[in-house]
Amino acid sequence: MCDYHKEKGAPQKRIGILGGYGSVGVEVAKSLMATTSHKILLGGRNGEKLGLIVEKLGTGVASMVVDVYNQSALGEFCSRCDIVINCTGPSRQVACKVALTALQQGCHYVDPADNSLYNALIEKNEVVKQKGLLFVISAGIIPGILEVLPMYLVNNKLDKAQSLEYYFVSYDRLSFSSAYDIICGFLSEDDAGMVYYEDGRIKKSSFPMKNMCLPQPIGKVDTILTFTDSMKDVVEKCNVSKCHLYTALGGKSTRKALYDIRLSRQEKTESQMASWSNLLVDAMDHDLNDRKAGNMFHLIITGEKGGVYKKLTATLFFKNGFRLMGIIAASTARLIIDGMGHDPGCFLLHKGIHIGKMMELLEESGICVSQSIETL
């Protein structure tokens, strides 16, 4: 176990966590408390809730009442920190507010938000570089560890990769903010969910649905093809010639909710988005009546090792998505502080940190990938 920051005389920093009493923010704080001796500053709008969390976490944690929409308070919060982890949401509403304030105050920055935030921030990349800062976006699950896993496995277990068959399945509870962001992404995808990658091109599939029997405790599940720009970047960096990425969010109730939302997408207003978000939260909860909560990444990679054709199978199962997201964000902050990140700039997770070290920190926190390799 890496206890660098618990060693006597190790440099101590102050890590700010905005959204500090939310489901993800609390997990970030717990992870940092368990693995470092850095000072932690929790931020949130409700002073009473902050006080309860600080009392539970104990020594080394302070709090500050701050609303991310109050520029003066947000600036003061960031000015007290060496690095800011933004766990507020919905991320599509908060947008660049926290990131730009962290930049103004000279803080490193970590955010589990999706690629839309990265796309909005990239125009500030030169300023981030000039200030010697590292901004890591998508320090979460999907996107985030979704891209890290295949890069790590290909780079460390194979000499050459040929194909990737990839599954992500989630039966878990959602927060309102998570549901809101999922719907924003879902409504902006159009038909991008029915494509795969082959020989440098994105191709439309005639069979986008697949019933797959994944390892237990997930088992049989209906999945659908999807693809993203960040996954395209991964497969090209790994020289994978063919990639199918299948995902499944919840069960029948969730699929029906998403179908109904897509049918009524022309009615998209803030009040309707709030209604849809609550609908999706309830649908995911309803699907948990039929099975226990759980999330799984499952990868099947073919390629070569030592001149021999191999098949590598890897699985990562975790019960609580909030906990994993918190551990990933906390581990990202640790790597930045330890100098295990990229040179200054704005990056997505799979480009912004040392992937091997990230996997070590996840394993240290009990997040382990089971692997097997066989000769074909």
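Since every read-out is calculated from the coordinates, none of them should be taken as a lab result. Note that this is a predicted model, so its numbers are computed, not measured. Counting neighbours? That spans all protein chains shown, and the Cβs are built from the backbone with ideal geometry, glycine included.
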Compute from the Cα atoms of the range 23-93 the Rg and the Dmax, the latter being the longest Cα-Cα distance, and quote both in angstrom.
11.9, 34
Loop-only chymotrypsin sites (Phe, Trp or Tyr not before Pro) in the range 1-103, please: DSSP not H, G, I, E or B, and at most 14 other Cβ atoms within 10 Å.
Tyr69
Relative to the present Cα-Cα distance, how much length would full extension add between Leu52 and Glu374 at 0.36 nm per residue of separation?
110.8 nm
If you average the C-alpha positions of the range 170-240 and of the range 91-132 separately, how far apart do those two centres end up, in angstrom?
26
Please go through the range 289-323 and write out the trypsin sites (Lys or Arg not before Pro) that DSSP classes as loop and that have at most 12 other C-beta atoms within 10 Å.
Lys292
Beyond a 21 Å Cα-Cα separation, which of these cross-linked pairs lie in this structure: Lys237/Lys319; Lys157/Lys351; Lys124/Lys351?
Lys237/Lys319
Let a ≥ b ≥ c be the square roots of the eigenvalues of the Cα gyration tensor of the range 66-131; is it rounded (a/c under 1.5), or, if not, prolate (a/b larger than b/c) or oblate?
oblate
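How much of the DSSP beta bridge set in the chain is antiparallel, as a percent to the nearest 5?
55
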Taking +1 at the Cβ of each Lys and Arg and -1 at the Cβ of each Asp and Glu, which of Leu258, Ile301, Gln272 sits farthest along the dipole of the range 250-320 towards its positive end, judged by Cα position relative to the Cα centre?
Ile301
Spin-label zone in the range 59-77 - amide nitrogen under 13 Å from a point set 7 Å from the Cα of Ala120 along the C-beta vector:
69
With the Cα gyration tensor of the range 94-235 in hand, give its eigenvalues times 5 under a square root as the equivalent ellipsoid semi-axes, listed largest first in whole angstrom.
30, 19, 16
Hey, can you grab everything whose amide H is under 5 Å from the amide H of Lys160? Only 5+ residues off in sequence or another chain; H modelled, so Pro and N-termini drop out.
Glu304
Simple spin-label estimate for Lys160/Glu304, 7 Å along Cα→Cβ, in nm, reads 0.2
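Using DSSP to define loop residues, name the trypsin sites (Lys or Arg not before Pro) in the range 63-112 whose beta-carbon has at most 13 other beta-carbon atoms within 10 Å.
Sites meeting the loop and neighbour criteria: none at all.
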In degrees between 0 and 90, to the nearest 10, how far off the longest principal axis of the chain does helix 355-364 point, with axes built from Cα atoms?
80
Residue among Gly16, Gly307, Gly47 with the largest mean-square fluctuation in a Gaussian network model of the chain, springs linking Cα atoms under 10 Å
Gly307
Taking N as its residue count, the alpha carbon Rg of the range 253-376 over 2.2 N^0.38 Å
1.44
Return the whole-Å distance between the Cα centroid of the range 318-372 and the Cα centroid of the range 29-77.
21
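How large is Rg/Rh for the chain, to two decimals, with Cα atoms and a Kirkwood Rh? Intermediate values should be presented prior to the final figure.
Values: Rg = 20.4 Å, Rh = 21.3 Å.
My calculation puts Rg/Rh at 0.96.
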